[in-house]
Amino acid sequence: MASLKPVRGTQDVLPDESRRMRRVEQTALDVAERYGYGEISTPIFESTDVFSRTLGDTSDIVTKEMYTFEDKGGERITLRPEGTAGVARAVISGGLQQDLPLKFFYRGPMFRYERPQKGRRRQFSQVGVELIGASKPLADIEIIALGRQFLDELGVGENVTLEINTLGDDESRATYRTRLVDYLQSFDGELSDDSRERLTRNPLRILDSKDEGDRKVIKDAPRLQDFLNDDSRRFFDDVLEGLGNLGIPFELNSRLVRGLDYYCHTAFEFTTQDLGAQGTVLAGGRYDGLFEQMGGQATPGIGWAAGVERLALLMDGEIPPPRPVAVIPIGEEAEAKALEITQSLRRAGIATDLGYSGNMKRRMKRADKIKARWAVILGEDELARGGAALRDMDSGEQIELSFDTLADYLSGKV
Ligand code: ATP
Ligand code: MG
């Protein structure tokens, strides 16, 4: 028999959790729109090329985490592991580069074959923004400010820290890479297998290693900051000064890197202590080399992505659904009338619940359970008078109203 469990690392999202995730997405979209970003939806799957070319053969995502398959037409397809590559592909294939800068917001599921744990799933959701065609530090400052404001408005601002670093330009990074590899090679024996392998293919990524042995070696490694050329230094200083002017606090973290070649200059993360090992809730950086790498014309870009589930975990308290009006008919005649009244309230914009069966006691119980704010009780006597009893479920007070005044009376009260 087929397994009826969800596939490992996936989950069913029930209404309570859905409301939290929707709050995360809605807040992100609201803030992004205020900054002039419009929503873009790219397909959930793309040709495998789109990701293998942009994320590079050495990234963890491409080497270990992609969900790739051949479709019935023999095409290599990958479920998107992240949003930026698809957006860049859309910009190139849609010829949108004519009209820079482009400001996009996106949201939706991503797929990575990872070891599932708290805050780490194989299907998860992200919200993200991309600012394409802006090369100045002002863009970096704005996109970080947008992230900060989103987290503040979500109510998790107090729980997160902005960590920031620079990867410099190509020249600075090349100089640094040579020095870093020299240094790391002298500790060859102490590095983890993963890191030893990265030594030739993707050495900067070693700085980000979580392996204890690696971390000891990294502690005294040369730092990229010391190899920045003047342009890169100035770029970073401008970004930090801009953040300072906006009152956005940050911590410098020289180990914060993005391993791929097309990343440059600003790299940043908002992290929290409250989620255990999965502490990064929002991560981003500048990717000026991406479009060329994809085969498009050179176009600078910067963006970030945030994990919706992690942010939903971080949010305080429940988000209750709207408290409805419960319509409670007593007797057969009333039952026929109940749906009519229910529908007229719903059409008036009032959340209304109609129990499908049971005596008065059972229906009142259900009204309590769904935390109804009001109960409209349709008894025989009231019905004969063309009205209903309206009970305030919090105070217990009850009044009688005619059918045609019910909706008006309840509007604005629920
Ligand atoms: P990590 O170091 O946690 O694996 P990452 O560098 O792979 O993160 P990004 O690719 O920068 O993450 O994705 C941005 C954000 O998306 C992360 O900061 C995190 O909040 C979220 N995220 C990434 N992978 C997962 C996952 N498997 N499950 C849930 N959320 C995730
Ligand atoms: Mg990861």
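The values are calculated or read from the model by the stated rules, or taken from the named source; none is laboratory data. Just so it is clear, the model here is predicted, and its values are computed rather than measured. For neighbour counting, all protein chains shown are included, and Cβ atoms are generated from backbone atoms with ideal geometry for every residue, glycine included. Remember, those area values only see protein heavy atoms, side chains included, never the ligands or the DNA or RNA. Shrake-Rupley method; radii C 1.70, N 1.55, O 1.52, S 1.80 Å.
Worth pointing out:
- Residue 36 more than 16 Å from ligand 2 (Cβ to nearest atom), among the small types (Gly, Ala, Ser), under 19 Å from the mean Cα position of the chain (by Cα) and open to solvent by 30 Å² or more (accessible area, probe 1.4 Å): yes
- On inspection, residue 28 qualifies as of a type in the set (A, V, I, L, M, F, W, C) and within 19 Å of the chain's Cα centre (by Cα).
- Residue identified as within 14 Å of ligand 1 (Cβ to nearest atom), over 30 Å from residue 248 (Cα atoms) and open to solvent by 40 Å² or more (accessible area, probe 1.4 Å) among 117, 98: 117
- Those strands (runs of 3 or more DSSP E) lying entirely in the stretch 322-414 with at least 3 residues more than 25 Å from residue 16 (Cβ to Cβ) and either open to solvent by 30 Å² or more (accessible area, probe 1.4 Å) or free of Cβ contacts under 8 Å to residues at least 40 places away in the same chain (or both): 387-392, 398-402
- Qualifying residue in the stretch 33-47 (condition: touching a Leu at 6+ places or on another chain (Cβ under 8 Å), away from ligand 1 (no atom under 16 Å from the Cβ) and farther than 26 Å from residue 154 by Cβ): yes
- Checking the stretch 252-260 against the condition returns a match, with at least one residue being open to solvent by 30 Å² or more (accessible area, probe 1.4 Å) and within 20 Å of residue 170 (Cβ to Cβ).
- Residue match in the stretch 307-315 (condition: open to solvent by 50 Å² or more (accessible area, probe 1.4 Å), of a type outside the set (Lys, Arg) and over 28 Å from residue 163 (Cβ atoms)): no
- In the stretch 226-307, counting only strands (runs of 3 or more DSSP E) that sit wholly within it, the ones holding 2 or more residues that are more than 25 Å from residue 29 (Cα to Cα) and not charged (D, E, K, R) span 264-272.
- Answer residue from the stretch 287-306, given it is among the aliphatic types (A, V, I, L, M) and surrounded by 24 or more Cβ atoms within 10 Å (Cβ to Cβ) and is farthest from the chain's Cα centre (by Cα) among those: 290
- Filter pass, residue 163 being outside any helix (DSSP H, G or I) and in the same structural domain as residue 289 (by TED's automatic domain parsing): yes
- Note on the stretch 58-77: among residues that are more than 15 Å from ligand 1 (Cβ to nearest atom) and in contact (Cβ under 8 Å) with a residue 24 or more places away in the chain, the one that is nearest to residue 9 (Cα to Cα) is 77.
- Hey, residue 50 open to solvent by less than 60 Å² (accessible area, probe 1.4 Å) and under 16 Å from the mean Cα position of the chain (by Cα) or not: no
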